[in-house]
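Participant: Structure below; questions to follow.
The values are calculated or read from the model by the stated rules, or taken from the named source; none is laboratory data. None of the values given here were measured: they were computed from a predicted structure. Methodologically, a virtual Cβ is constructed for each residue, glycine included, from the backbone with ideal geometry; neighbour enumeration extends over all protein chains shown.
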Number of protein chains: 2
Amino acid sequence: MQKKLGILGGGQLGRMLIQSATDFNIQMGILDSQLEAPASSLAKHFVQGDLLDEETVYAFGQDYDLISIEIEKVNTAALKRLEAEGKKVYPQAAIIELIQDKGKQKEFYRAQGFPTADFLLLANKEELLAQTDFLPAVQKLRRDGYDGKGVQVLRQESDLGKAFEAPSVLEKLVDIQQEIAVIVARSASGEIRTYPAVEMIFHPEANLVEYLFSPARIEENMAQKADQMAKDLIEKLGMVGLLAVEFFIDRAGNLLVNEVAPRPHNSGHQSIEGNVCSQFEQHLRAIYDWPLGDSQIQTPSILLNLLGEEGFHGPAKLEGLKEVLAISGVHLHLYGKEDCKPFRKMGHITVTDQNLERLMEKARFVKNTLKIRGLHRI
Amino acid sequence: MQKKLGILGGGQLGRMLIQSATDFNIQMGILDSQLEAPASSLAKHFVQGDLLDEETVYAFGQDYDLISIEIEKVNTAALKRLEAEGKKVYPQAAIIELIQDKGKQKEFYRAQGFPTADFLLLANKEELLAQTDFLPAVQKLRRDGYDGKGVQVLRQESDLGKAFEAPSVLEKLVDIQQEIAVIVARSASGEIRTYPAVEMIFHPEANLVEYLFSPARIEENMAQKADQMAKDLIEKLGMVGLLAVEFFIDRAGNLLVNEVAPRPHNSGHQSIEGNVCSQFEQHLRAIYDWPLGDSQIQTPSILLNLLGEEGFHGPAKLEGLKEVLAISGVHLHLYGKEDCKPFRKMGHITVTDQNLERLMEKARFVKNTLKIRGLHRI
């Protein structure tokens, strides 16, 4: 019997983590505020409760030997108390706390010498108004942004009206050529392994990944640089678990750290079919202190996020399922979310093929054919 | 929302079926007599009840649109009533009934012209005693044999003392050169797809598969013959779902049908990592009448059943886990069975590698290193 694992958060990441943990006989408990969270029906134990409430998180943690997360927005005071009592909390509470705050994250990169876009920390909108010289820039809320929310571009003075009021990071707008990500794992014993870099193409409106290519279409020396930087980052953090490191490559060819997430990540879903060991299994191996898995690519792949169509809401309706399932190497993953809203991540599809041209063709077909939308017009 | 799926049986096959069904948002219910069955904790709905009791199975079926099985030993009278009321039952009740009885199975092969070892049907031990001329032979109980139980070799007259009393099939002992299996799927629309043949090496004592090679080490024309025979068999049965067809190849090079199972099967577990579409997803595609998946081999693989060690019983204890996880392409699947008994199937390992020599080497290492046994000496 393995150590009992408690996970804070029951979204799609928790769901896919349970699918993988099942193969190791890991008894997993989930804490989430939503009774119908994607991971709820698969969890051996499910507790409904607020991830931000200290006593709820603390009480939940009592039942487990090992505690991990699938979302950063959790109460870290409770995690620190659990750590102090000898529980294993991976990633460690202090690291979650650092990453929760995009301001602290940026200061960490600067202090440790990791290249990152120039930035200012702002307490409120008033402070921002004094920084018109810094435009064009991206304003990011220091806390609680997710899936493209809490991030906006401020190109010129006339944009300042829509600026966020809350504490934020103002980051010089990078002239982006490509966005890539490297997932790196570090086990409790200190073993480190990276996944080959992937490349993200963002949806122009929703600020969400629309296509993801594995491997990234970059030069070998750039891939090595990103790989080394991801290793250095997790080493410097001293983190145990999985860290997704997102990078910008600017038009001058500079590699800049954008941000990190200390958990399985959207930019690693294709590893389920495309790589020898999936990111979910890798996360488990890291936190259980088993040898890390082989992260090599077996088959090139494209990941497509299945986002709710605009203009509809309500119970999800899938169109084009039979057409896409007729194609070899189309792997569907639905997240079990009942309510479909515009741009909500309802699932993903990984398309695999050894032939890159055919891979692109298939991905395009899937993109144009498979749609998910709510039953009702908005 | 997909049609609700009710599965009779909650063993490891049901467990792996849920892992796959999760990706299609299929809400699955499980009926099993054991509260702690391997699939119980993952099932959206779990009902504890006797699979052989007509009213239990009938009542369970009421809650689902589609009913399938992961074990043949179920009450088919209930399934026939459900069919009569318009429920989809795949595989169909009449086919389960045919396959439940090894005597009827053999008669079917003979009547339909499928080559199979010569046989006699015997009502009891007394009838057997009159058939000493038929030895050496294999006696198989017509009903309820599984995992090597209910099957024995009777070489000579002196073996007859241990003969089974119950109705049985007496089958001429085949001088076996190889044992292979082909898994074939047929969808409700009649689309048919086979998996490339695999080769089984049996444990000498336990009569259970010890190693399985994918693909089988056979000539191309033999592979084609087995492939065509599996297709003809499922077509002749008119079955919807997955059919595992086990064959003997005798020393004269004849291909003989041994027996079939109308569900995901131990000889297809390696398809999770080794083939484009796993047998579990294929089963779902067939019964939901979706296009069948690509069954091609992506990576050659060896499957090892993880059997409880002799001499021990009680809570399962795993040895050698870290050593085997350190090897690339070792995929562990534990079935969540608490009680470990000698030769009980506690899990399996799929080893993948493009290089066949390295593949064999890894499999041998795993076989010698990873052990599971009960906590207590017997």
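Participant: Based on this model, can you work out whether B:ALA286 counts as of a type in the set (A, V, I, L, M), within 14 Å of another protein chain (Cβ to nearest Cβ) and surrounded by fewer than 21 Cβ atoms within 10 Å (Cβ to Cβ)?
Facilitator: Taking the combined requirement at face value, the residue does not satisfy it.
Participant: Here's something else I'd like to know. Name the residue, out of B:ASP144, B:ASP175, B:ASP101, that is of a type in the set (D, E, K, R) and farther than 28 Å from B:GLY241 by Cβ.
Facilitator: Only one candidate passes the filter, namely B:ASP175.
Participant: Residue under question is B:PHE134, and the condition is that it be crowded, with 19+ Cβ neighbours inside 10 Å, outside the structural domain of B:HIS203 (by TED's automatic domain parsing) and not β-branched (Val, Ile, Thr); does it hold?
Facilitator: no
Participant: What are the residues in region A:317-332 that are touching a helix residue (DSSP H, G or I) at 6+ places or on another chain (Cβ under 6 Å), in a strand (DSSP E or B) and either in contact (Cβ under 8 Å) with a residue 40 or more places away in the chain or closer than 23 Å to A:PHE24 by Cβ (or both), if any?
Facilitator: The one that is touching a helix residue (DSSP H, G or I) at 6+ places or on another chain (Cβ under 6 Å), in a strand (DSSP E or B) and either in contact (Cβ under 8 Å) with a residue 40 or more places away in the chain or closer than 23 Å to A:PHE24 by Cβ (or both): A:HIS331.
Participant: A further question follows. Looking at (1) facing chain B (nearest Cβ under 10 Å); (2) in contact with a strand residue (DSSP E or B) (Cβ under 8 Å, 6 or more places away or on another chain), which one does A:ALA363 not meet, given that it meets all the others?
Facilitator: (1)
Participant: Being closer than 18 Å to A:GLU281 by Cα and surrounded by 20 or more Cβ atoms within 10 Å (Cβ to Cβ): is that true of A:ALA244 here?
Facilitator: yes
Participant: Right, next: Being within 8 Å of chain A (Cβ to nearest Cβ) and surrounded by 15 or more Cβ atoms within 10 Å (Cβ to Cβ) is the filter; apply it to region B:297-321 and report the residue that is farthest from the chain's Cα centre (by Cα). Before the answer, list the steps.
Facilitator: Within region B:297-321, the first condition is being within 8 Å of chain A (Cβ to nearest Cβ), and the residues that meet it are B:298-299, B:315-316, B:321.
Checking which are surrounded by 15 or more Cβ atoms within 10 Å (Cβ to Cβ) leaves us with B:298-299, B:316, B:321.
On the way: B:GLN298: 22, B:THR299: 22, B:ALA316: 23, B:LEU321: 26 Å.
Once the filter is applied, the top-ranked residue is B:LEU321.
Participant: Right, something else. Among the candidates B:ARG358, B:ARG377, B:ARG373, which residue alone is more than 26 Å from the chain's Cα centre (by Cα), farther than 23 Å from B:GLY274 by Cβ and among the basic types (Lys, Arg)?
Facilitator: B:ARG377
Participant: Residues in region B:351-360: is at least one part of a helix (DSSP H, G or I), touching a helix residue (DSSP H, G or I) at 6+ places or on another chain (Cβ under 7 Å) and not charged (D, E, K, R)?
Facilitator: Checked against the condition, which is being part of a helix (DSSP H, G or I), touching a helix residue (DSSP H, G or I) at 6+ places or on another chain (Cβ under 7 Å) and not charged (D, E, K, R), region B:351-360 yields no hits at all.
Participant: Would you mind stating whether A:SER20 is within 14 Å of chain B (Cβ to nearest Cβ), assigned to a loop (DSSP other than H, G, I, E, B) and among the polar types (S, T, N, Q)?
Facilitator: Taking the combined requirement at face value, the residue does not satisfy it.
Participant: Suppose we keep only residues that are among the small types (Gly, Ala, Ser) and within 19 Å of the chain's Cα centre (by Cα) within region B:223-241. Which one would you say is surrounded by the fewest Cβ atoms within 10 Å (Cβ to Cβ)?
Facilitator: Restricting to residues being among the small types (Gly, Ala, Ser) and within 19 Å of the chain's Cα centre (by Cα), the top hit is B:ALA226.
Participant: From B:GLU36, B:GLU70, grab the single residue that is modelled with pLDDT under 95, within 26 Å of B:GLY150 (Cα to Cα), of a type in the set (D, E, K, R) and not assigned by TED's automatic domain parsing to the domain that holds B:PRO264.
Facilitator: Unique residue meeting the criteria: B:GLU36.
Participant: Also, I was wondering about something else. Restricted to region B:333-350, and to residues that are touching a residue at least 40 places away in the same chain (Cβ under 8 Å) and more than 20 Å from B:ILE201 (Cα to Cα), which residue is nearest to the other protein chains (Cβ to nearest Cβ)?
Facilitator: The residue in question is B:GLY336.
Participant: Additional query: Answer yes if at least one residue in region A:46-67 is over 22 Å from the mean Cα position of the chain (by Cα), within 14 Å of chain B (Cβ to nearest Cβ) and of a type outside the set (S, T, N, Q), and no otherwise.
Facilitator: yes
Participant: Within region A:211-316, which helices (runs of 4 or more DSSP H) (wholly inside it) include 3 or more residues that are within 23 Å of A:GLN19 (Cβ to Cβ) and hydrophobic (A, V, I, L, M, F, W, C)?
Facilitator: The qualifying helices (runs of 4 or more DSSP H) are A:279-287.
Participant: With the structure loaded, tell me whether B:ALA197 is touching a residue at least 12 places away in the same chain (Cβ under 8 Å) and either in the same structural domain as B:GLN279 (by TED's automatic domain parsing) or basic (Lys, Arg) (or both) or whether it fails that test.
Facilitator: For B:ALA197, the condition - touching a residue at least 12 places away in the same chain (Cβ under 8 Å) and either in the same structural domain as B:GLN279 (by TED's automatic domain parsing) or basic (Lys, Arg) (or both) - is met.
Participant: Can I ask one more? I'm trying to understand the selection: among the residues of region A:4-17, which are away from chain B (no Cβ under 11 Å) and either among the basic types (Lys, Arg) or not in a helix (DSSP H, G or I) (or both)?
Facilitator: A:LYS4, A:LEU5, A:GLY6, A:ILE7, A:LEU8, A:GLY9, A:GLY10, A:GLY11 - these are the residues of region A:4-17 that are away from chain B (no Cβ under 11 Å) and either among the basic types (Lys, Arg) or not in a helix (DSSP H, G or I) (or both).
Participant: Only residues that are surrounded by 19 or more Cβ atoms within 10 Å (Cβ to Cβ) and within 14 Å of chain B (Cβ to nearest Cβ): list them for region A:30-45, please.
Facilitator: A:ILE30, A:ALA37, A:PRO38, A:ALA39, A:SER40, A:SER41, A:LEU42, A:ALA43 - these are the residues of region A:30-45 that are surrounded by 19 or more Cβ atoms within 10 Å (Cβ to Cβ) and within 14 Å of chain B (Cβ to nearest Cβ).
Participant: I've got another one for you. Those residues that are in a strand (DSSP E or B) and not β-branched (Val, Ile, Thr), I need them from region B:333-350; list them, please.
Facilitator: Once the filter is applied, which keeps residues that are in a strand (DSSP E or B) and not β-branched (Val, Ile, Thr), region B:333-350 yields B:HIS333, B:LEU334, B:ASP339, B:LYS345, B:MET346, B:GLY347, B:HIS348.
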